[in-house]
Amino acid sequence: MGKIRRILDIIWYFNALLILISLYVIFLGGADLSTRFDLMGRVNPIWIARALGMGILISIDWFYRYKSRWMHFLLLLYIGFSVWIIILSGSRGPMLGTLAGIMIYIMYIKERTFWKRFGYILLALVFLGIIVLILPKQMLFNKFGSIRASLSIIQRFALWEEAISQMMHHPLIGKGTGGYQIFSAYFGKYPHNIFLEAGAEQGIPAMIVLTIFLLRPLSLIPQLLKSHERQFAVLLFSFWVNFMINAQFSGDITSNYQIWFYTGSLIIMNQSIRKESY
């Protein structure tokens, strides 16, 4: 697991560079913040927001690993700028995924009572409401009010409805790999939901198999929380929650590679701890 931690440390520094580049574009590059922020139209805002969300979770983990006040101050700046850029990106998945990942980490890094965990959930909902209030009005309209806008939740509903329709017409074998785009009545290449994509293209049996595998960490985490690797297990689980939520709103089975990585990491971690106990 030490190698994975080193990889995560490298990701943190990479995201620090991404923050600096983003701040340069915002303040000196003439970025239009009335719609959604991207790096001069060259990078999909979703991928920027996903990367920064991962950096936020690593930063919170560092709060527990390092006791230096200067480090804590640096981490607060890092988290603050990252949250701001994620909000400006206007990406649903990274917003919700990062918030859920933070909530999971804080709730389970230490033993807490039910009411304390419930309180964290309420705080997360309040924070989500604040985000909605501070988003530019035009961005909110694009996200919720227009089928023509690429950010629209209405568009997502249309894509999901098409996937469900294809799945119901061919429940056993689906439309075949890549079949969603070929037979879709809409413009989407994929339904922006990995489970619906599997159901539409490979059939309900394949969707069930995918679901069983990707939800495996839910059965592993109770045991991992009792191990000596609790902190690292909670970090990996918060990543898993983050990218699982992302995978319900954007990307396809292949581009949501992070969910495969963290599902596999938790399975391997569980096997490693079990071997050590023998």
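The values are calculated or read from the model by the stated rules, or taken from the named source; none is laboratory data. These numbers come from a predicted model, not from an experiment. Note that we place each Cβ from the backbone using ideal geometry, even for glycine, and neighbour counts take in every protein chain shown.
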Of those in region 242-272 that are in contact with a Gly (Cβ under 7 Å, 6 or more places away or on another chain) and assigned to a helix (DSSP H, G or I), the residue surrounded by the fewest Cβ atoms within 10 Å (Cβ to Cβ) is Ile245
Would you say Phe195 is crowded, with 17+ Cβ neighbours inside 10 Å, assigned by TED's automatic domain parsing to the domain that holds Ile259 and either in a helix (DSSP H, G or I) or touching a strand residue (DSSP E or B) at 6+ places or on another chain (Cβ under 6 Å) (or both)? no
Against the condition in a loop (DSSP other than H, G, I, E, B), more than 22 Å from Thr254 (Cβ to Cβ) and at pLDDT 85 or above, how does Leu172 come out, does it pass? yes
